[in-house]
1. Between Ala52 and Val120, what FRET efficiency follows from the Cβ-Cβ distance if R0 is 22 Å, with the result rounded to 0.05?
2. From zero outward in steps of 10 Å, how is the percent of C-alpha pairs of segment 7-64 spread across the bins?
3. Which residue fluctuates the most in the chain, going by a Gaussian network model with Cα springs under 10 Å, if the choices are Ile100, Ile44, Ile18?
4. Just to verify a number: FRET efficiency for Leu16 and Thr68, C-beta to C-beta distance, R0 = 35 Å, to 0.05?
5. Report the residue, chosen from Gly27, Gly13, Gly47, that carries the largest GNM mean-square fluctuation when the chain is represented by alpha-carbon nodes joined by springs under 10 Å.
6. Assuming a viscosity of 1.002 mPa s and a temperature of 20 °C, what translational diffusion coefficient in µm² per second does Stokes-Einstein assign to segment 43-103, Rh being the Kirkwood radius over Cα pairs?
7. At 1.4 Å probe size, with every protein chain present, just tell me what the per residue accessible area of the chain comes to in Å².
8. Please work out the C-alpha center-to-center distance from segment 46-75 to segment 94-133 and express it in whole Å.
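The values are calculated or read from the model by the stated rules, or taken from the named source; none is laboratory data. Predicted, not measured: the structure shown is a model, and the values here were computed from it. Cβ: placed from backbone, ideal geometry, glycine included. Neighbour counts: every protein chain shown. For the accessible areas, the whole protein counts, side chains as well, though only heavy atoms, and no ligand, DNA or RNA atoms are used. Shrake-Rupley method; radii C 1.70, N 1.55, O 1.52, S 1.80 Å.
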Amino acid sequence: MPHNFSQPEVHGGQELWITRKGAIQAGEGDLGVIPGSMGTRSYIVRGKGSAASWRSCAHGAGRRYSRTKAASSSSPADLAEQMKGKTWLAARAAALVDEIPMAYKDIDQVMADQSDLVEVLHTLHQVLNYKGT
């Protein structure tokens, strides 16, 4: 399911253009993937179709810190510590420090906060992380 898009939908009997920025469609039965950060788990979900949310849910953990703040307040060593036990491009730590897991909100809290919007079907635990450039 894509995020950051617009499409016509019917809500309350009216056809409207719905824009989802940082959200995915979570209509009843819609399947989706909600990723955490590069150091946490992700979720496979099924939408519950909440009219109050325009049949939407968050598409991921969301940033706690901007890329600039994350990069200026963290070091490659900090990133390596947070990625301990995972396979990732450690040799590129300096270029990836803006993606440090602590720069993102707690994905478990995000999922708890939207439990009325989606049902978790599967939890995916990272084995490998690759960020293209």
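1. Values: r = 20 Å, r/R0 = 0.89.
Working from the Cβ atoms, E equals 0.65.
2. Histogramming segment 7-64 at 10 Å steps yields 22, 49, 23, 5, 0 percent.
3. Ile18
4. Numbers: r = 35 Å, r/R0 = 1.01.
My answer for the efficiency is 0.50.
5. Gly13
6. On the way: Rh = 13.6 Å.
Calculated translational D: 157 µm²/s.
7. On the way: 7660 Å² over 133 residues.
That works out to 58 Å² per residue.
8. Rounded to whole Å, the Cα centres lie 9 Å apart.
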